[in-house]
Structures are given as C-alpha cells and as structure tokens.
Amino acid sequence: MLAKLLRNHDTDAEQLARRIATDVISVSGDDRSIAVMATAELLSHRPEDWELIWPAMKTNVPFGVEVLRTTAFEHEFDRFVI
C-alpha cells in the first residue's frame with residue numbers, strides 16, 4: 001500500500017515513510033521489517049531523500065545493509081511484475 005501511495009506522490013505517505021526511516025535506532029522484530037520495507041520504498045520512489053535517510057543507516061549499519069539489500073532486490077525483480 002505504501003508503495004502505491006508513494007508512487008502517486010501522496011504527501012502523508014511520504015511523511016510517514018520519512019518518519020519511519022529516520023526513527024529506526026532501536027526497532028526489532030516486525031517493526032524492523034516494516035521500517036526496512038518503508039525505507040526501501042522511500043528510496044525507490046524519492047531518491048532525493050537519500051540525505052535524510054543516510055544518517056539513520058550509518059547509525060544502525062545492519063539496518064542500512066538490509067535496506068540496501070531490499071532495495072536492490074526490488075529493483076532487480078520489479079521489471080518482471082506488471
């Protein structure tokens with residue numbers, strides 16, 4: 001749902017994704033998975049937000065790696081889904 005909203009430039013969804021992406025210092029479990037997916041979607045649809053997201057990824061390196069892995073995976077296989 002978030003991906004569709006971001007694709008349609010929904011400002012509330014963008015703000016939510018930014019908030020999730022930058023507040024990940026102590027998340028774990030399902031919340032971590034949600035944060036990873038939200039951040040990956042934000043990077044995919046709003047690459048100009050990289051400078052906002054990068055500090056959070058540097059603070060929590062395992063989270064950052066997971067976001068980049070998810071983003072790369074989505075870009076690699078997204079072309080097969082229409």
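The values are calculated or read from the model by the stated rules, or taken from the named source; none is laboratory data. Predicted model only: the values in this text are computed from it and were never measured. As a convention, Cβ positions derive from the backbone with ideal geometry for all residues, glycine included, and neighbour counts pool all protein chains shown. Only protein heavy atoms, including side chains, enter the accessible area calculation; ligands, DNA and RNA are left aside. Shrake-Rupley method; radii C 1.70, N 1.55, O 1.52, S 1.80 Å.
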Give me a count of the residues in segment 28-58 that are in contact (Cβ under 8 Å) with a residue 24 or more places away in the chain and either open to solvent by 50 Å² or more (accessible area, probe 1.4 Å) or over 9 Å from the mean Cα position of the chain (by Cα) (or both). 8
Every pair of residues 6+ apart whose Cβ atoms lie under 8 Å, when the first sits in segment 1-14 and is on the phi < 0 side of the Ramachandran plot and in contact (Cβ under 8 Å) with a residue 40 or more places away in the chain while the second is surrounded by 10 or more Cβ atoms within 10 Å (Cβ to Cβ) and small (Gly, Ala, Ser): ALA3/SER44; LEU6/ALA13; LEU6/ALA17; LEU6/SER44
